[in-house]
Amino acid sequence: NKVFKPSSKKESVSDKTSLAPPVLFIPYEATNSSIIDIKGYASPQSRIKLYLDNNLEKELDTSEDGSFVVKNIELGLGTNNIFGKTVDDKGNESLSSKEVRILYDNEKPVLEITEPEDNKEVKDIKKVKISGKTEVGAQVFVNNSQVIIDSEGKFQTDMPLNNGENNFVIKAQDKASNYTEIARKVIFKPS
């Protein structure tokens, strides 16, 4: 009997570690929404514990195929660390799943247009330089064409002009899909 007791303890430890942690599907690194749903899967007909910044946020049962959706997880501004654990019918918990980091950002990126000024008239060359600055890490588009940004957030591109009025929409968008748009009109009047 005395020999069996330590081995039965070992079995319960190995049972615990053999329980697979859940897999979480969060297909983005950043969001501008404070409330998200998290999908995933785990062992069929088990229970999931979802943690947000090391606090137990929600507990729910998986479906028969092991899939689950944790609805209405409220994120804090900045980086949120999310992981889950699987719990079997005996109350054994798995190891933690891989931690997923999500940035919640609800501020529009700064966008400054250095040139051209609005309603600029061009006579000689059938193109205009569009330049400015935005926050580092954002993307810039001029009429839906992406423009390269340097390490300080500065950008510059030349755009062709048609005769008469030319409208340009300059858009800066951050990783969380917040965006700022500025419109510029350039008039080409050949001399």
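Once Rg/Rh (Cα atoms, Kirkwood Rh) is calculated for the structure shown, the corresponding label among (i) 1.30; (ii) 0.93; (iii) 0.95 turns out to be (i). Axis of helix 4-18 versus longest Cα principal axis of the chain: the two differ by about 20°, to the nearest ten degrees. Between TYR179 and TYR28, residue separation times 0.36 nm minus the direct Cα-Cα distance comes to 52.7 nm. Counting Lys and Arg as +1 and Asp and Glu as -1, what is the net charge of the other residues whose Cβ lies under 15 Å from the Cβ of ILE102? Computed value for this residue: -4. Taking trypsin sites (Lys or Arg not before Pro) as exposed when their DSSP state is a loop state and no more than 13 other Cβ atoms lie within 10 Å, the longest site-free interval of the chain runs over 3-89. In this structure, the pairs whose alpha-carbon distance is over 20 Å, taken from LYS133/LYS189; LYS108/LYS154; LYS49/LYS71; LYS39/LYS85; LYS133/LYS175; LYS39/LYS90, are LYS133/LYS189; LYS39/LYS90. Leaving out ligands, DNA and RNA, and with a 1.4 Å probe, what % of the accessible surface on the chain is carbon or sulfur? Taking all protein chains in place, the chain shows 47 percent carbon and sulfur surface.
Accessible surface computed residue by residue for the chain, with neighbouring protein chains in place and a 1.4 Å probe, gives 63 Å² per residue.
The values are calculated or read from the model by the stated rules, or taken from the named source; none is laboratory data. As the structure is a prediction and not an experimental result, all values here were calculated from the model. Note that each Cβ is placed from the backbone with ideal geometry, even for glycine, and that neighbours are counted across all protein chains shown. Accessible surface is based on the protein model in full, side chains and every heavy atom, while ligands, DNA and RNA are left aside. Shrake-Rupley method; radii C 1.70, N 1.55, O 1.52, S 1.80 Å.
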